[in-house]
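Structure first, then comments.
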Amino acid sequence: MTEKLFRHIGKPVERKEDARLVTGKGRFSDDFRLAGQAHAAIVRSPHPHARIRGIETAEALSSPGVLLVLTGRDCLDDGLEPIPHNPVPSTKYDMKLTAPGGGVPFIGPHHLLPDDKVRHVGEAVAIVVAETQAQALDGAERVLVDYEILPHVIHSEDAIAAGAPAVWDEVPENAFVDTRFGDWKGTERAFEQATHVVSAKFHVNRVTAVPLEPRSALASFDVETGRYVLYAGSGGAVRQKRELSSVLGIDPSRLRVLSYDVGGNFGARNRVYVEFGLVLWASQKLGRPVKYTATRSEAFLTDYQGRDLVTTVELALDEDGRFLALRADNISNVGARCVSLSPLSKGSGLITGSYDIPVAALRARAVFTNTMCTQAYRSSGRPEVTYAIERLIEIAARRLGFDPLELRLRNLVPPEAMPYRNAVGSIYDSGEYEKNMDRALVIADWAGFEARRQAAAERGKLLGRGFANYVESSIGTPKERAEITVKPDGTIEVVIGTQPSGQGHETSFAQVVAEMLDAPVENVTIVLGDTDVVSVGGGSHSGRSMRHAGTVMAMASADLVAEARRRAAELFDAPEEDVSFEGGRLVLPGTNHAVDLFELARLTERDHGPLFAARTNEMHTPVFPNGAAACEVEIDPKTGLVEITRYASVDDVGRCINPLIVHGQTHGGIAQGVGQAMWEECHVEPSSGQPVSGSFMDYGMPRSDNMPSFICEIAEVISPTNPLGIKAGGEGGTTPALAVVTNAVIDALRDTGVEDLPMPLTPLTVWKAIRHGAGHTDEDTRTTS
Amino acid sequence: MIEVTLKVNGEEVTRSVDDRTLLVTFLRDELGLTGTHVGCDTTQCGACVTIVDGHTLKSCTALVASLDGAEVTTIEGLAPGEDTLHPVQAAFRTHHGLQCGFCTPGMIMTAVDMIRRHGSDLDETTVRHELEGNLCRCTGYHNIVKAILAAAREPAAAGTF
Ligand code: FES
Ligand code: FES
C-alpha cells in the first residue's frame, strides 16, 4: 500500500457524527423513553462488609406507586446466573495469570443482587420499581435490610496481611492470583553482580473513569414474542447481549441490545453492570418497560473503577548506568469481586518499559478487598508500570548522580533491535524510541527551561520539568466482522461490531472504506450498536478498534471489489481478468464499457442480490504504540498549588487515519493521566470503609482552568503486523502522564531533598513536602489531612 | 401541581407540573428536548446549561415553577435553520471540540453567552476561567477552547441565539 494512493486516509476529515451532537439530536441511553415505562431505584449497602440477615420489603411495596421489589433471594429463586465476566485475558499473547499454586483463579460470582453478604459500600441489594422516579426513590427508602456488620479491609497490602478479614470464604487469604513471570534465577544472579541496585515502592492510586454520561438502561419485554430489548450505552452491545442473556438464562436471540451515542467509556462501560440485568428481569416480571439512570453519586460509588496497584520495583545497574535486570512485585486491588484482570496482565508484559533490560522477574498478585470492583481504565495497566519504571529511573539517576535523560538514552531499545522481545516475552513490533525522545524535548523547548526557571524564581515560584518514555501494548479481543453493502441509491453501508463513545468511528471507518472503494466519505455510513444488525464484534477497548476494524474493512472491501469485477465481467460479456477497478468504476480498458459501483449494484440486484461482501477476521498479534512526553509545572511555595504550564508529547500510533481525531484522543488521554497525578482519587476512609469521593465536589477533576493547551505530534512508524500499518491512538496520552507530572513536581521541589511523593499531588501534599522536606512521608499526609 | 407557561425556543408552552419539577426534567420529559443533559447532582458539570432570559442557567438547579413567563433557549433552538449551524456549533465541529458529545450542548450554550458578553476580545485565559463550571472528560478542553476562540472571531457569533 503506497502513500500516494491515499485520498482519504490520513486526512483531518471533520466528523460525520458532529452534525447531530452539536444540535442536541444525539441518542444517548436516557434520551429513550417507551410508552408505559416504569422507573427503578436501587437500594445500596451502606456497609463495606456485612451479612444480610433478612430484607423486609412489605413497607416498600405498600408505598405509593411502587410496583415491584426484588432482592437477592428472588434472584436465586428465579434461577438467574451470575454475570460471566470472564476476567482472565486469554489470547496467546496475554500474560497467563493463575491462582496461587496454579490453576484457574476463583473470581467471586457476580449475582445481580447478593443473597449472602454485601462486600462493598454501594453494592446493590434490592431494586424498587415504581410509576415515577420519585416514587421509586421513596420506595427504596422503605426497604429494610437487616445487616450483621463484619470487619472489612480496604487496602490490598492490608488484605494479604495475616489475620485480615476474608472477603470470600473460598479465598481466606484474599490473594486469588499469584503468578511469577520471567527468569527469577537469572535476575537474582544479575542483581548479585550489579554495581548499583535501586529500589522503590509506589502506590498507583485508585481513580474512576467518570464518563460524563451516567450509565443508564431502559428494558422492555414483549409478552407475545418473548423477546427482550435493552437500550443501554456500553463498550460493545454484542458482549452485553451475550453476557446478559446468560444471566437471564435465555437464548441470545431473544435479547436485542441497542447502544447508540455513548457519553464516554474509557473502560468503565466495557463490562456488564448489574442494573442492566435488573431492569431486564424487572421488565419481564412486570410486563412493562423499566428504566434506570444512575445519579452521579451512584456513578462515583459503583462505576467500575481503575488502577490501584502497589508495585515494588528494583533495578540493577552496572557502573556506567547500563540496566542489567529488573525485579517487580505487583499487587492489584480488584475490589469485592474480580471483573477483569486486564490491568494486572497488560502491565505484567511491559514492566521493562522502553528499555533494553536483559533479564527480569515479576510476581503478580491480585487481591479482593471491600471496595468497588476495578476494571481496565484508559490504557489498562500500562500507566501503572510506566509510572514504576520511569519514576525508578528518575530516582536512580538522582541517587547515583546520572543525568536522567542520559540514563534513559543509554538504555533505550534501539530501532535495529525491532522486533524486540523484552525480558518477559512481549514482542515490540516497531518503533523509533530515541527519535520520539529527541522530538519531544524539542517541541517542549527543554533547552529553554533554565531561563524560564529563573523567571519563575523571580516571581517567587518553583519551576520543575519532567519527562517519560512509554511503550504500551494493544491486544484486545481478536475477532471482528465487517459487512459492506453498496446500495443503488449511492450509499455504502458498513456494519461493524466496535462501539465508539466519542472516538469518531463513523468518520474514520468511513475514511477507510471510502479509500478502498474510491468513493466520497460522505456516502459511507457506518452502522453500529444494534445487535439485530451487528452479530459479531469485540467492542472498543485496549485501543483495538481502528486496527481490527480497519483491517477487516480493508479485507471486506477487497472482497467487494472482486465481486463487483465478477458482475461487471458478466455485464460487459468479457473475461473477469480484463475488468479493472479505477476511480470507483468498473471499466473494460480499450472499450467504452464503464459502470460505477452504485450503478452496478442497481443493474445486477435482480439477478445477484445486493452488491455485498462480508468478512470475519481474527488477528492475534499485538502492536506496541509508543512515545515520549515532557511537561513543566510551576509551584507556589506558599500554598503548594501546582500549575501545569507546558505539556508536550510525541506519539507513535502507526498509520494515522484521521489526525484531527487522533490529536483529540491524545489531548483527552493526557488530561486523564494528569488528573490522576494531580487531583483524582477514589479515597476510601480505611477505618470506616466509607468512600469519601462521592461527587464532583470532592473528586478532583481536570477542568478548563487547571489544564494547559498541549503541544502534540504524531509519529507514524508503520506497524508490520497489519495491512494498514495501524498501531493505536487514544491511550498513549494517558500512559506516560502520571510519571511525567510526578517527575516534574519532584524536580521543582529538588531543593527540599524530597525524592518521592504519592499521587495525587494535591496542594496539601506538596505544601507539606516544602515545609518538612525529605522528612515527609505518605503517612504524614494520611494522618493529618 | 402547578401551571407554568414558558417560551421555549420561540414557542409558547403551558403545562401543569409537579411542584418539584426541575427545568431540565421539564425540558427532557415534558417537551422531549433531550439535547439538554444531566451529568451530575451537585451543579458542577454544566451539561444542562440553557439560556434563560438572556443568561446561562444550569437547568438542573432551577424549579420550572419559579420560571413562569421566562424565555428559554436550548441547544435545539440555537441553529437558525434546519441545515445551518450556529457559528459556535460550526466552530465546535471544525475544531473537533467534541468527542462523545455529552458535554457539548452545555459547552456550546455557555460559549454563546461568553461570546455575547466579551465579543472578539475574548482570550484564552478568560475562556478557561469562565468555562470552569463545564466539565468535559473527553477532550482535555484543548479543542473546546480553540473552537470558542475561533467562534468569537466570527462576526456572526456575537448576539445570535
Ligand atoms: S447536570 Fe446541571 S450542572 Fe451537572
Ligand atoms: S466530549 Fe465527552 S464529555 Fe465532553
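The table that follows gives values for the structure above.
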quantity: Residue match in the range A:635-646 (condition: within 14 Å of chain B (Cβ to nearest Cβ), touching a Gly at 6+ places or on another chain (Cβ under 8 Å) and touching a residue at least 12 places away in the same chain (Cβ under 8 Å)); calculated: no
quantity: Test: residue in the range A:671-680 that is part of a loop (DSSP other than H, G, I, E, B) and in contact (Cβ under 8 Å) with a residue 12 or more places away in the chain; calculated: yes
quantity: Any hit, the range A:681-704, residues being of a type outside the set (S, T, N, Q), within 16 Å of ligand 2 (Cβ to nearest atom) and more than 9 Å from chain B (Cβ to nearest Cβ); calculated: yes
quantity: Residue under evaluation residue B:90, criteria (1) within 7 Å of chain A (Cβ to nearest Cβ); (2) buried (at least 20 other Cβ atoms within 10 Å of the Cβ), criterion not met; calculated: (1)
quantity: Matching residues in the range B:88-137 - criterion: being touching a residue at least 60 places away in the same chain (Cβ under 8 Å) and more than 13 Å from ligand 2 (Cβ to nearest atom); calculated: B:88, B:90, B:91, B:109, B:112, B:113, B:133
quantity: Extreme residue, nearest to ligand 1 (Cβ to nearest atom), among residues of the range B:50-66 that are away from chain A (no Cβ under 12 Å) and closer than 17 Å to residue B:29 by Cα; calculated: B:58
quantity: Tally, over the range B:111-141, of residues that are more than 13 Å from residue B:92 (Cβ to Cβ) and away from chain A (no Cβ under 12 Å); calculated: 9
quantity: The range A:495-506 - residue that is β-branched (Val, Ile, Thr) and crowded, with 24+ Cβ neighbours inside 10 Å and, of those, nearest to the other protein chains (Cβ to nearest Cβ); calculated: A:498
quantity: Selection from the range A:246-262 of residues that are of a type outside the set (A, V, I, L, M, F, W, C) and either farther than 23 Å from residue A:535 by Cα or surrounded by fewer than 21 Cβ atoms within 10 Å (Cβ to Cβ) (or both); calculated: A:246, A:249, A:251, A:252, A:253, A:254, A:256, A:260
quantity: Single residue of the range A:556-574 satisfying the filter (charged (D, E, K, R) and either without any contact (Cβ under 8 Å) to a residue 40 or more places away in the chain or closer than 13 Å to residue A:603 by Cα (or both)) that is surrounded by the fewest Cβ atoms within 10 Å (Cβ to Cβ); calculated: A:573
quantity: Meets criteria (within 15 Å of ligand 1 (Cβ to nearest atom) and within 17 Å of residue A:263 (Cα to Cα)) for residue B:136; calculated: yes
quantity: Counted residues, the range B:80-116 - those being under 18 Å from residue A:262 (Cβ atoms), within 16 Å of ligand 1 (Cβ to nearest atom) and of a type in the set (A, V, I, L, M, F, W, C); calculated: 4
quantity: Total residues in the range A:172-222, condition farther than 30 Å from residue A:762 by Cβ and within 14 Å of chain B (Cβ to nearest Cβ); calculated: 2
quantity: Residue within the range B:37-58 that is of a type in the set (S, T, N, Q), within 20 Å of residue A:132 (Cβ to Cβ) and either free of Cβ contacts under 8 Å to residues at least 40 places away in the same chain or away from ligand 2 (no atom under 16 Å from the Cβ) (or both) present; calculated: no
quantity: All positions within the range A:165-191 that are in a loop (DSSP other than H, G, I, E, B) and touching a strand residue (DSSP E or B) at 6+ places or on another chain (Cβ under 9 Å); calculated: A:166, A:167, A:168, A:170, A:171, A:173, A:174, A:183
quantity: Qualifying residue in the range A:468-483 (condition: crowded, with 19+ Cβ neighbours inside 10 Å and farther than 29 Å from residue A:721 by Cβ); calculated: no
quantity: Scan of the range A:65-96 for residues that are modelled with pLDDT of 95 or more and touching a strand residue (DSSP E or B) at 6+ places or on another chain (Cβ under 8 Å), ordered by number; calculated: A:65, A:66, A:67, A:68, A:69, A:70, A:71, A:72, A:73
quantity: Of all residues making up the range A:279-321, the number that are surrounded by fewer than 20 Cβ atoms within 10 Å (Cβ to Cβ), in contact with a strand residue (DSSP E or B) (Cβ under 9 Å, 6 or more places away or on another chain) and farther than 30 Å from residue A:700 by Cβ; calculated: 6
quantity: In the range A:730-749, residue surrounded by the most Cβ atoms within 10 Å (Cβ to Cβ) [restricted to those that are within 17 Å of residue A:652 (Cβ to Cβ) and in contact with a strand residue (DSSP E or B) (Cβ under 7 Å, 6 or more places away or on another chain)]; calculated: A:736
quantity: Within the range A:9-33, tally of residues that are within 8 Å of chain B (Cβ to nearest Cβ) and among the polar types (S, T, N, Q); calculated: 1
quantity: Residue match in the range B:18-31 (condition: among the basic types (Lys, Arg) and away from chain A (no Cβ under 11 Å)); calculated: no
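The values are calculated or read from the model by the stated rules, or taken from the named source; none is laboratory data. The model shown is predicted, which means the values in this text are computed figures rather than measured ones. Cβ: placed from backbone, ideal geometry, glycine included. Neighbour counts: every protein chain shown.
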